[in-house]
Every structure is written in C-alpha cells, then in structure tokens.
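Comments concern the structure below.
Laboratory data are not the source of any read-out in this text; all were calculated from the coordinates shown. Keep in mind that what you see is a predicted model, and the values were worked out from it rather than measured. Neighbour counts are summed over all protein chains in view; Cβ atoms, including those assigned to glycine, are modelled from backbone coordinates with ideal geometry.
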Amino acid sequence: MGAIKISIQNNIIMIEENIDKALNRAGRKGEKVELIAVTKTVDVERINEAIGTGILNIGENKVQELEKKYNIIGDTVNYHMIGHLQTNKVRNIIGKTRLIHSLDRISLAKELDKRSKNNDIVTDVLIQVNVAEEETKFGLEVDKVLYFIEEILDLNNIKVRGLMTIAPYTTDTKLLRNVFRTLFNLKEDIINRNYENLSMDYLSMGMTNDYELAIEEGSNMVRIGSAIFGKRNY
Ligand SMILES: *Cc1c(COP(=O)(O)O)cnc(C)c1O
C-alpha cells in the first residue's frame, strides 16, 4: 500500500517538474499548464490517492466509467470527458463535467445543447481535431473546423472553449511537433476571427509519451494516464 502511494505522488511531482522545464524551454516561464490525470481503468482507491496529492482534474474516456466514479468520488474533483461521446449517452453526463474534449460532429453539438438547455446550464466543450488524419481516430479534419464552428455558433447552451487533439503514437518528434504546431496555428486563426460566444482558452494536447513536446508547442492542458498510474493492462 505505502509503496503505491509514494509512487503515484512521486510520479505527479516528476511530471509537474517536467511541465515547468518544458515551459521554460519554450520561453513560457510562469504560464500555467493544467494536468488532467487520466483515470480510465484506474480504481477509486488509487484515484483518491492522486487527489490526495493535489490532483484537481480527472479524465475518463467512457461515459459509464465517468458516471460510476462521479457517484463514488463526487465533485471534490473536476471531470473531463476525453473519449468518443455517443449521442445517446449525453444525458448521462450532462452537468457532471467541467469540460468535454471530444466534440466532433453537429449531431453531438445539438444533443449537448438540447440537454444543457433542459438542465438550465451551459456545457463547456473542446472541438476534437484529427490533425494527422488517422483513420482510427475521431475528430474533425483541420480544414473542416471553421465551417463546423459557424454551424454551431448559434447553439447557446454549449460553449466552445478551445481545441483538443490526440497525436499519433510515434517517436517521430518532427511529426509530433508538426501536429501540435498545426493545432496551435488553427487556434490562433480562430482567435483572429473574433467569434462571439466562443473562446480559445484551452489547447488540450499532450499525453504520457508526448506532453513535453506538446507544451513546447503551446499546449496548456495535458492528459496523462500511464505516467501517473503505471501501464494499463487492457
Ligand atoms: C488514454 C488517454 C490519454 C492518456 O494516455 P497516456 O498515454 O496513458 O497518458 C489521454 N487522452 C485520451 C483521449 C486518452 O484516451
């Protein structure tokens, strides 16, 4: 037991140090990067250990898991939906999330808006972009994002707060930098268009294998699982 506690705590301390170093390398000293602890497949006991060391945000990729953990842990921590979201599951998580990272289609935007309106809330979302155009991944292609934004701007009960991407699983740092830089530039382009009812506060990019590169390229929200909790066995 003790060993597990120490290792989760040490892992988080080490990641926070790496985040600061990456910010320094990028000339972004003093800026903030939010750490989302990705808790998919992680049991509540270990999640609570992470929360005990100061984790404020956790990410799940399945609605059912998010609900389950929300019911046990409660709102002492912020919940992020980071996985593909089926339209018929939206009603189960409305009001439980701080941020939904995976808005990728009009039908989902409309359902989120409708359910949020019913609950008298505004749901914050990120648009997921499939920068590398991988067939196995969800998300809009880069050149479809502006059109998508124009289509959903009049939905008043969702608010776009930024962009999210999942980079390819590779050690090719040049390719990774390219992906992250492309998303950063898209964000800047959107900012320059001064849309109302939209902000670009968050650039959610970077996971265990690539978070330092992502921060060097402008990320301010990283989603990290295995570097905190160890390898997942699934
Ligand atoms: C699993 C997952 C992560 C975390 O992955 P690690 O490599 O374990 O850090 C981040 N984002 C999404 C969308 C995920 O599904």
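Check cross-link reach from Lys69 to the lysines: straight Cα distance under 19 Å, and skip same-chain residues fewer than eight apart. Within reach: Lys40, Lys89, Lys96.
For the chain, what is the per residue volume of the convex hull drawn over the alpha-carbon atoms, in cubic angstrom? Mind showing how you got there, number by number?
Working: hull volume 30.1 nm³, N = 234.
Convex hull volume per residue, Cα atoms: 129 Å³.
A simple spin-label model places pseudo-atoms 7 Å from Cα toward Cβ; at Asp20 and Asp154 they are separated by 5.0 nm.
Straight Cα distances below 25 angstrom link Lys21 to the lysines Lys5, Lys29, Lys32, Lys174, Lys187, Lys231, with same-chain residues fewer than 8 positions distant left out.
Dipole size of region 1-101 about its Cα centre, with +1 on Lys/Arg Cβ and -1 on Asp/Glu Cβ: approximately 300 debye, rounded to the nearest 20. Within the listed set Asn118, Asn156, Asn220, the residue fluctuating most in the Gaussian network model of the chain (springs between alpha-carbon atoms under 10 angstrom) is Asn118.
Taking +1 at the Cβ of each Lys and Arg and -1 at the Cβ of each Asp and Glu, which of Ala37, Gly27, Phe180 sits farthest along the dipole of the chain towards its positive end, judged by Cα position relative to the Cα centre? Checking the options against the dipole of the chain, the answer is Ala37. If a spin label sat at a point 7 angstrom from the Cα of Ser199 along the line to its beta carbon, the backbone N atoms of region 108-131 nearer than 16 Å would be those of 122-127.
If the reach is capped at under 18 angstrom between alpha carbons, list the aspartates and glutamates near Lys68, excluding any in the same chain fewer than eight residues apart. Lys68 reaches Asp43, Glu45, Glu49, Glu60. Need one number: % antiparallel among DSSP beta bridges in the chain, to the nearest 5. Looking only at bridges with both residues in the chain, the antiparallel portion is about 0 percent. Springs between alpha-carbon pairs under 10 angstrom, Gaussian network model over the chain: which of Glu134, Glu196, Glu217 fluctuates most? With Cα springs under 10 Å in the chain, the top fluctuation among Glu134, Glu196, Glu217 is at Glu196.
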